[in-house]
Amino acid sequence: MTEFDRLLAEAARKPLVGWDLSCDGRIATTAVPWDFERAVVHRARQSPDLLDMGTGGGEWLGRLPLRPARTVATEGWAPNVAVARERLAPLGIEVVAVEGALDNGAQHDGDAHDDAPLPFADGEFHLVVNRHESFVPAEVARVLARGGHFLTQQVASDFNADHYRLAGLAPAEPPPEWQLDIARRQLERAGFEILRAEAGAELLRFADVGAFAWYLKNVPYVCPDFTIEGTRDALAQLHRRQQAGEAIAVRQTLFWIEALR
């Protein structure tokens, strides 16, 4: 078996557990221009509670250096709920299974027409955090107390152009547009005041073609048409280029917002 075949075979059988996308350290992410964690910790120092929307396997929340006494997480993907509960329960964090919200780009300015209400009382939280999870702005506003803060970091709708290019695939029909200006408009329509907002990009570097194939296999919303066998020729070319010294890297566009209820 060649090194290329070994890498692809490993990518095909290696599972994703929780939401750890590092592939055992073979995928590295450069920092975006802002420090989202620092902004969250700053607000957490002043808040009696925190709701983390879309916690994944609880990896990020579990590592957060400071959390309010009452911290709650939601998760919409059933396999991750059990993983998150196992990780976060020893920290005193409740994980609530929820129905995922409609993609924000398809929400028509964030109207609360989605059938995924948050299972919390009006004004129950003073700080709501959301990393890369869709949300209904009116629902976030409902569960936030007056004067509460909403911090979200989102992946823009055009984030996956480099992934398609490296996989040798033609981009699928573009998803509904989701950019900083649209997010601002949705939140303002729901009654939020925007305190800070910024767009930027991060770079994902893959140590080898196997890590790249593993990532696309396990994060299917990036390239829905991707299969390892169906892109084998493109992956082989990518492997040869990487062996010759060319880095395997993709640029992903993101943005973040801090909003006041």
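Here are the numbers for the structure shown:
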| read-out | value |
| --- | --- |
| Cα-centred dipole magnitude for the stretch 3-260, charges only on beta-carbon of K, R (+1) and D, E (-1), debye, nearest 20 | 780 debye |
| q = 0.20, 0.24 Å⁻¹: log10 I(q)/I(0) that the Debye formula gives for the stretch 62-155, counting C-alpha atoms only | -1.11, -1.49 |
| Helix 180-189 vs. the chain, principal-axis angle (Cα, 0 to 90°, nearest 10) | 20 degrees |
| Kirkwood hydrodynamic radius of the stretch 3-260, Cα pairs, Å | 19.4 Å |
| Debye intensity ratio I(q)/I(0), log10, the stretch 166-242, q values 0.14 Å⁻¹ (C-alpha model) | -0.65 |
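Throughout, read-outs are computed from the coordinates displayed, never taken from laboratory work. Since we're looking at a predicted model, the values are computed, not measured. Because the Cβ atoms are built from the backbone with ideal geometry, glycine has one as well, and the counts that use them run over all protein chains shown.
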